[in-house]
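Novice: A single structure is presented below for examination.
The values are calculated or read from the model by the stated rules, or taken from the named source; none is laboratory data. Owing to the predicted nature of the structure, the values given are computational and were not obtained by experimental measurement. Counting neighbours? That spans all protein chains shown, and the Cβs are built from the backbone with ideal geometry, glycine included. Side chains are part of the model used for accessible areas, which takes the heavy atoms of the whole protein and leaves out ligands, DNA and RNA. Shrake-Rupley method; radii C 1.70, N 1.55, O 1.52, S 1.80 Å.
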Amino acid sequence: TGAAEPFRCGTQGVGWFKGVYPSAAGATIEGTVCYSWPGKSCQWSNTIWVTNCKEYYVFALLAPPACRLRYCTT
């Protein structure tokens, strides 16, 4: 949920969630993934959906908007 440094997670453009997770169980929100690039924390972005499943979250991810971009989880 914070800007990731480029070149982490085996990719040049690192995707990170820019938003707030839904707090209520069963709730789904539309959020933004930003992709870090050298010198910019949000060079590209795309929409995702996050659902609160009480004990964990489920993410509906779309393909990144450009080559060399990947989602990164930690």
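Novice: Over the range 8-74, average the accessible area per residue using a 1.4 Å probe and give it in Å², no decimals. Don't jump to the answer; show the numbers that get you there.
Specialist: Working: 4230 Å² over 67 residues.
Accessible surface, normalised per residue, equals 63 Å².
Novice: Go from 0 up to the bin containing the longest alpha carbon distance in the chain, width 5 Å each, and give me the % of pairs per bin.
Specialist: 3, 19, 27, 23, 14, 9, 4, 0
Novice: Could you state how much accessible area E5 has, in square angstrom rounded to the nearest 10, with a 1.4 Å probe and all protein chains kept in place?
Specialist: 120
Novice: With θ set to phi - 60°, apply the Karplus curve 6.51 cos²θ - 1.76 cosθ + 1.60 along the range 31-43 and write out the HN-Hα couplings as whole Hz, x wherever there is a Gly or Pro.
Specialist: Residue by residue, the range 31-43 yields x, 10, 10, 9, 10, 6, 9, x, x, 9, 7, 9, 5 Hz.
Novice: Mind putting a number on the dipole of the chain about its Cα centre? Charges go on the C-beta only, +1 for Lys and Arg and -1 for Asp and Glu, and I need it in Debye to the nearest 20. Let's see the in-between values first.
Specialist: On the way: 6 positive and 3 negative charges, 39 e Å.
The dipole of the chain has a size of about 180 debye.
Novice: Where in the chain are there chymotrypsin sites (Phe, Trp or Tyr not before Pro) that are in a DSSP coil and have at most 16 other Cβ atoms within 10 angstrom of their Cβ? All intermediate terms of the calculation are to be shown ahead of the outcome.
Specialist: Details: sites: F7, W16, F17, Y35, W44, W49, Y56, Y57, F59, Y71; in loops: F7, Y56.
Counting only loop positions with at most 16 other Cβ atoms within 10 Å, the chymotrypsin sites (Phe, Trp or Tyr not before Pro) in the chain are F7, Y56.
Novice: I've got another one for you. Using a Förster radius of 30 Å, what is the FRET efficiency between R8 and T51 based on their Cβ-Cβ separation? Nearest 0.05, please. Walk me through the numbers on the way to the answer.
Specialist: Working: r = 26 Å, r/R0 = 0.85.
After rounding, the FRET efficiency stands at 0.70.
Novice: What does DSSP give for the chain in terms of the percent of beta bridges that are antiparallel, rounded to the nearest 5? Before the final figure, lay out each step's value.
Specialist: On the way: 18 of 21 bridges.
Of those bridges, close to 85 percent are antiparallel.
Novice: Let me ask something else about it. Just by accessible area at a 1.4 angstrom probe, what is the order of V58, V33 from largest to smallest?
Specialist: Working: V58 70, V33 5 Å².
The ordering from most to least exposed comes out as V58, V33.
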